[in-house]
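Notes for the one structure printed next.
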Amino acid sequence: MQVAVLGGTGRTGVPFVDGALQRGHRLRVLARDRVKAQRLLPVGHGRLEVVEGDAVDPRALEGLLTGVDAVVDVTGPVKGGPKDLRGQVMRELLPAMERHGGGRLVFLTGAGVRVPGDQPGVADRAIRGVMRLAQPAILEDGQTAVAAIAARQRDWTVVRVPRLTDGQLRGRVRVAAHVGGETGTALGRRDLAVFLLDELEERNWSRQAPVVSW
Ligand SMILES: NC(=O)c1ccc[n+]([C@@H]2O[C@H](COP(=O)([O-])OP(=O)(O)OC[C@H]3O[C@@H](n4cnc5c(N)ncnc54)[C@H](OP(=O)(O)O)[C@@H]3O)[C@@H](O)[C@H]2O)c1
């Protein structure tokens, strides 16, 4: 599969890129900083192309999307950057996918983002309450981005996750269709990368927003 990756230099992006190359995919990774990409990614690999640019720049997105089968967005707000990054990216990415292609979209966000059908329990509500106090703009941004995807994109999966860690691969995750199902409070990025790749290939959760955790 030819896959466009946004956020490939991030802590989730790096294990995702490594895993995707191991599975034989061809990748086009958008990176704002080529030197950083060279430090973190196997630049020079025959199936990895780095496209320099910003995720909110329509010209960069055009170069990224042409000819791809799927797009994976694992960007996240960084220090000094806008808190409404994900919504900003969707405002450019979704119309760009309509114009230039891109096929299916897999989008990563936090488990504090709610979708219809969620039945949050006491603990879910408490965690979200803390997030609303600590990071209200980021929570709202995720909600905005997911609403835009569901309204405009035909083939998508939103992957919702709790606190991410950089621990060892465990090789097992729990997946719940909704908040309120059987979910844990953390997930390792290596296991998340495996889930994202499985979902990309198998499309088990198309037009859904599963919650993935350890
Ligand atoms: N950390 C958690 O516990 C947690 C929990 C739930 C959900 N999440 C969500 O999971 C996602 C991934 O998290 P992470 O910790 O793996 O991310 P991360 O390490 O912070 O990486 C963020 C990535 O986004 C890229 N990026 C930021 N602004 C960009 C822009 N304008 N154009 C292009 N790329 C841009 C960064 O590129 P540069 O390398 O150029 O900076 C980097 O590759 C985020 O959306 C986060 O909110 C995180």
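The values are calculated or read from the model by the stated rules, or taken from the named source; none is laboratory data. Bear in mind that the values here come from a model prediction, so they are computed numbers and not experimental data. Ideal geometry is used to build each Cβ from the backbone, glycine not excepted, and the neighbour counts take in all protein chains shown. With ligands, DNA and RNA removed, areas are computed over all heavy atoms of the protein, side chains included. Shrake-Rupley method; radii C 1.70, N 1.55, O 1.52, S 1.80 Å.
Out of all the residues in region 139-155, which are in a helix (DSSP H, G or I), open to solvent by 50 Å² or more (accessible area, probe 1.4 Å), over 24 Å from Glu182 (Cβ atoms) and of a type outside the set (Val, Ile, Thr)?
Glu140, Ala147, Ala151, Arg152 - these are the residues of region 139-155 that are in a helix (DSSP H, G or I), open to solvent by 50 Å² or more (accessible area, probe 1.4 Å), over 24 Å from Glu182 (Cβ atoms) and of a type outside the set (Val, Ile, Thr).
Of all residues in region 119-138, at least one satisfies being basic (Lys, Arg), in contact with a helix residue (DSSP H, G or I) (Cβ under 7 Å, 6 or more places away or on another chain) and loosely packed, with under 14 Cβ neighbours inside 10 Å. Residues that are over 23 Å from Ala96 (Cβ atoms) and more than 10 Å from the ligand (Cβ to nearest atom) within region 24-38 comprise Gly24, Val35, Gln38, listed in sequence order. Every condition in (1) open to solvent by 30 Å² or more (accessible area, probe 1.4 Å); (2) within 10 Å of the ligand (Cβ to nearest atom); (3) in contact with a helix residue (DSSP H, G or I) (Cβ under 9 Å, 6 or more places away or on another chain); (4) not small (Gly, Ala, Ser) holds for Glu62 except the one numbered (2).
Within region 156-169, restricting attention to residues that are in contact (Cβ under 8 Å) with a residue 40 or more places away in the chain and open to solvent by 30 Å² or more (accessible area, probe 1.4 Å), the residue that is farthest from Val89 (Cα to Cα) is Asp166.
Scanning region 91-107 for residues that are closer than 14 Å to Ala55 by Cα, in a helix (DSSP H, G or I) and either among the β-branched types (Val, Ile, Thr) or free of Cβ contacts under 8 Å to residues at least 60 places away in the same chain (or both) yields Arg91, Glu92, Leu94, Pro95, Ala96, Met97. Could you go through region 5-12 and let me know if any residue there is in a loop (DSSP other than H, G, I, E, B), touching a Leu at 6+ places or on another chain (Cβ under 6 Å) and either open to solvent by 30 Å² or more (accessible area, probe 1.4 Å) or without any contact (Cβ under 8 Å) to a residue 40 or more places away in the chain (or both). Yes, some residue in region 5-12 is in a loop (DSSP other than H, G, I, E, B), touching a Leu at 6+ places or on another chain (Cβ under 6 Å) and either open to solvent by 30 Å² or more (accessible area, probe 1.4 Å) or without any contact (Cβ under 8 Å) to a residue 40 or more places away in the chain (or both). Taking the stated definitions as given, is Glu49 over 24 Å from Asp141 (Cα atoms) and either over 15 Å from the mean Cα position of the chain (by Cα) or surrounded by 14 or more Cβ atoms within 10 Å (Cβ to Cβ) (or both)? Yes; evaluated as a whole, the condition is true for this residue.
Condition check ((1) over 27 Å from Val56 (Cα atoms); (2) over 14 Å from the mean Cα position of the chain (by Cα); (3) more than 16 Å from the ligand (Cβ to nearest atom)) across all residues:
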{"site": "Leu105", "(1), (2), (3)": "no, no, no"}
{"site": "Val115", "(1), (2), (3)": "no, yes, no"}
{"site": "Asp118", "(1), (2), (3)": "yes, yes, no"}
{"site": "Gln135", "(1), (2), (3)": "no, yes, no"}
{"site": "Arg152", "(1), (2), (3)": "no, yes, yes"}
{"site": "Pro162", "(1), (2), (3)": "no, no, no"}
{"site": "Ala176", "(1), (2), (3)": "yes, yes, no"}
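With respect to the conditions (1) within 15 Å of the ligand (Cβ to nearest atom); (2) in contact with a Phe, Trp or Tyr (Cβ under 9 Å, 6 or more places away or on another chain), Thr109 falls short on a single one, namely (2). Determine which single condition Leu30 fails, assuming it passes every other condition in (1) under 18 Å from Pro77 (Cα atoms); (2) outside any strand (DSSP E or B); (3) open to solvent by less than 40 Å² (accessible area, probe 1.4 Å). That leaves (2) as the condition not met. From the list Gly63, Gly67, the one residue that fits, being modelled with pLDDT under 95, assigned to a helix (DSSP H, G or I) and over 15 Å from the mean Cα position of the chain (by Cα), is Gly63.
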